[in-house]
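The next block holds one structure in the form of structure tokens; read it before the comments.
The values are calculated or read from the model by the stated rules, or taken from the named source; none is laboratory data. Computed from a predicted model, the values in this text were never measured in an experiment. For neighbour counting, all protein chains shown are included, and Cβ atoms are generated from backbone atoms with ideal geometry for every residue, glycine included.
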Amino acid sequence: MSASALLPAPALARGVEILRLLEREPERTLEGIAAHLPYPKPSIFRLLQTLAQIGLVEKTPEARYRALQVLRPAGVARRDLAQALEEVMEGLVGETGCTVEWFESTQEGMLLRRQRHPAQEVRVVARPGFLRVWNDEADAVALLGLAFAPEAPEPGAMGAYRADGVKGPLSARQVRGRVAAARTAQAASDPAFNTNGIRRSAAAVFCPDWAGVLAAACPYRFGSPPAPSSLEIPLRTAAGRLRRMLC
């Protein structure tokens, strides 16, 4: 007999268990949830349906479940987001030598809110207030927004830069594949430089629900520019640090 069965309202306790499980990982399948709980899969499915109907959980088109609300102890102090971002972004600038950016999702797209530049010449054209419109360019920031942002539409056909610097089309199917990869990794990188000579790597930030995207915008450098995937490691580390600071 499970511990929840001894409580006055076992179903309520099991629903809370599911929410806490989804807090630790942004998305899980029904099978993934059932693997961590000692309850029959049909019971878990009914609990997920109930949580979805009252607006606490949603089911994605890929049949994965994610929490829309999280449980936090009342009165727990949270560090100010702006202060935490300044500290983390400053460290990333020093570690990567790139311009570090913070994007948040809106109904229109991913909005650049904050930016920190390295000491050398600034070559990043985008400035705070820049908006990456949904389903326009499939860069790293847009892919993570499409993967996690509650405001994001269904992925459609988009454009993307090729190795020759030319922006070419991506079908909706190709975009969905890139979004799925970004969702799995919780990070993404541009495969090529854009016409401004910039290539971005980015990581999703959760606290524990969706918060935004940390990105490193690196200009083209003669010689051996850093591999974009190598920047995902410090970005993911910084995203985890932000979560610990804010949650």
Residues within region 97-111 that are surrounded by 21 or more Cβ atoms within 10 Å (Cβ to Cβ) and either of a type outside the set (Phe, Trp, Tyr) or in contact with a Cys (Cβ under 7 Å, 6 or more places away or on another chain) (or both), tallied | 7
Glu137 fails exactly one of the following numbered conditions: (1) within 19 Å of Cys207 (Cα to Cα); (2) in contact with a strand residue (DSSP E or B) (Cβ under 8 Å, 6 or more places away or on another chain); (3) among the charged types (D, E, K, R). What is the number of that condition?
-> (1)
Run Leu242 past the list (1) surrounded by fewer than 18 Cβ atoms within 10 Å (Cβ to Cβ); (2) within 26 Å of Arg24 (Cβ to Cβ) and report the number of the one that doesn't hold.
-> (1)
Any chance region 156-163 includes a residue that's touching a residue at least 12 places away in the same chain (Cβ under 8 Å), under 9 Å from the mean Cα position of the chain (by Cα) and not assigned by TED's automatic domain parsing to the domain that holds Ala63?
-> no
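Can you name every residue in region 88-117 that is out of contact with any strand residue (DSSP E or B) (no Cβ under 8 Å at 6 or more places or on another chain) and in contact (Cβ under 8 Å) with a residue 60 or more places away in the chain? Write out each step before concluding.
Here is the first cut: in region 88-117, the ones out of contact with any strand residue (DSSP E or B) (no Cβ under 8 Å at 6 or more places or on another chain) are 91, 94-95, 107.
Listed by number, the residues that qualify are Gly91, Glu95.
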Kindly provide the set of residues from region 21-40 that are part of a helix (DSSP H, G or I) and surrounded by fewer than 13 Cβ atoms within 10 Å (Cβ to Cβ), ordered by number.
-> Arg24, Glu31
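Find the strands (runs of 3 or more DSSP E) located wholly in region 98-199 whose residues include 3 or more that are more than 30 Å from Arg28 (Cα to Cα) and at pLDDT 90 or above, and list them.
Numbers: elements: 99-105, 109-116, 131-133, 158-161, 167-170, 187-189.
Where strands (runs of 3 or more DSSP E) fall fully within region 98-199 and carry at least 3 residues being more than 30 Å from Arg28 (Cα to Cα) and at pLDDT 90 or above, they are 109-116.
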